[in-house]
Amino acid sequence: MRIRLEKDLPVLLIALVGASTVASLPQVESAWAGIKEVYGEQEMGLRILREALLAVLIVYAWLEPRLRNGIFSSSVLAFLGVICSYVLFEVGYALYLDLPLVVPMTGLRVFEYLPVALIGFVTSRLGAGDYVLYKFASYLRYYLALQTVLAIAQALWAPPLFGVSMLGGGRPFGTFVSPNLFGATMATCALVFALVPGMRRWLALSVFLALLSGSRTAFISSLLVVFFQVYAALRPRDRWALLMPAPILAVGALILASSPLLSGRDDADPTQDGRIDLWQRVFADHVHGPMDVLFGWGLGLSSNTVNLLFGAEYFPGQFDSDSLYLFLLNGYGVIGLLAYLTFLWITTRMSVHPNKGLVTMFIFAAGLTFNMWEYFPQNALLMLLWGMVLGCAAKTHAVNSDMAQAPVSAQTGYSQPWR
């Protein structure tokens with residue numbers, strides 16, 4: 001069997017992401033009929049398909065010598081060793097609190113697609129990151145086209161199960177179980193297209209779908225992508241005119257995203273829909289001392305999977321986090337939360353990728369009110385991009401510069417020293 005990373009990897013990646021078109025098919029059919037199925041049934045559905053495709057991708061990384069050697073380098077192994085050590089400590093602490101093993105195991109879902117990040121990291125280090133991302137984005141267009149047809153049809157004619165869309169029907173949900181998951185994925189697709197030259201029409205379409213979903217997080221995330229696009233298009237001396245009103249623009253975007261006109265919901269005010277109140281109660285009821293602050297009060301207790309398996313409020317300290325940062329604080333404490341934020345900051349310091357600021361800001365902002373590492377396929381897409389950005393280090397950039405006379409594709413404009 002001949003393994004060709006530059007041709008095989010984009011196909012495997014789009015197959016993984018494309019699994020979302022069937023993973024929630026029973027729930028999508030029910031939503032079209034105006035019936036909201038319980039999330040416990042949703043999780044069982046056809047989820048096994050995406051897990052199988054993830055396993056195929058991991059096996060491929062093992063069989064491809066360049067990926068395998070890159071992942072098993074000393075620096076990567078040291079990084080993984082530090083993560084594993086602390087995670088094992090948190091699992092042990094959860095068991096010490098008499099939680100069943102399945103609970104802390106659900107708290108590990110934020111690492112489920114870490115192999116995709118490692119693959120993206122090594123691919124970028126090999127100098128093939130731009131080409132792989134270009135081919136993946138070209139396949140992603142077909143995925144987006146399917147979501148567009150379904151979303152417009154739903155926005156016109158679907159029952160208003162999740163609220164009313166701007167087009168008069170229900171808020172669109174595409175092939176997902178809710179408009180919020182659909183909107184988050186469309187905003188992430190906008191991020192992918194923003195990183196690839198010649199994809200502006202698909203970027204605009206992704207932003208439109210994110211807006212149509214009525215999701216506040218998707219709306220703000222997609223506007224962040226647009227902001228960086230406008231910023232990059234301006235001359236350096238003119239960029240201050242965009243940066244100075246940026247805080248006001250952010251507040252305005254939040255107010256606009258929370259309006260019933262865009263969100264399609266009467267309870268769109270974030271101070272009135274229960275989320276802020278939930279966060280306040282979490283800190284008041286469950287944080288009892290320094291140990292809870294430093295290490296969390298129960299790994300997995302804020303995972304949606306625990307709610308599905310045991311029901312809401314089954315364990316003391318259990319809650320629906322919504323925010324990634326509350327999820328990390330609950331399961332990994334201030335230590336884990338600071339480690340995550342530090343790694344985001346390190347990414348911006350180490351990488352020389354031209355869009356590192358956009359990717360890291362998108363990841364940071366998307367986690368404020370949405371635990372994106374629990375939701376597929378946004379988690380797979382963001383892990384891939386994060387790994388590719390981090391893998392574009394100064395040393396790698398210098399090596400690629402020495403290959404400037406390598407053949408250049410007339411179609412993509414990317415140097416292709418790997419051919």
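Taken together, the values in this text are just the output of simple stated rules run on the coordinates, not laboratory data. For clarity, every value in this text was computed on a predicted model and none was experimentally measured. Positions of Cβ are backbone-derived with ideal geometry, glycine not excepted, and every protein chain shown enters the neighbour counts.
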Inter-probe distance in nm under a simple model that places probes 7 Å from Cα toward Cβ, at Ile35 and Ala339:
4.4
Contour minus end-to-end for Glu51 and Arg200, with contour as 0.36 nm per residue of separation and end-to-end as the Cα-Cα distance?
50.5 nm
Between Ala393 and residues 5 or more places away or on another chain, which pairs have amide H atoms under 5 Å apart, with H built 1.01 Å from N, and which residues are they?
Val352
Amide H neighbours of Ala158 under 5 Å, at least 5 residues apart or on other chains, H built in the peptide plane: list them.
Gly170
Report the Cα centroid-to-centroid distance between region 172-193 and region 100-152 in angstrom, as an integer.
14
Please report Ile346, Ile335 as a ranked list, fewest other C-beta atoms within 10 angstrom at the top and most at the bottom.
Ile346, Ile335
What is the gain in length, in nm to one decimal, between Leu108 and Tyr96 on full extension, counting 0.36 nm per residue of separation less the C-alpha to C-alpha distance?
2.6 nm
Residue separation times 0.36 nm, minus the C-alpha to C-alpha distance between Phe310 and Leu156: what's the value?
51.8 nm
Place the peptides 71-83, 306-318 in order of packing, highest mean first, counting for every residue the other Cβ atoms within 10 Å and averaging per peptide.
306-318, 71-83
Amide H partners (placed H, <5 Å) of Ser73, local residues excluded
none
How many nm separate the modelled label positions at Arg4 and Tyr142, each set 7 Å beyond the Cα in the direction of the Cβ?
1.7
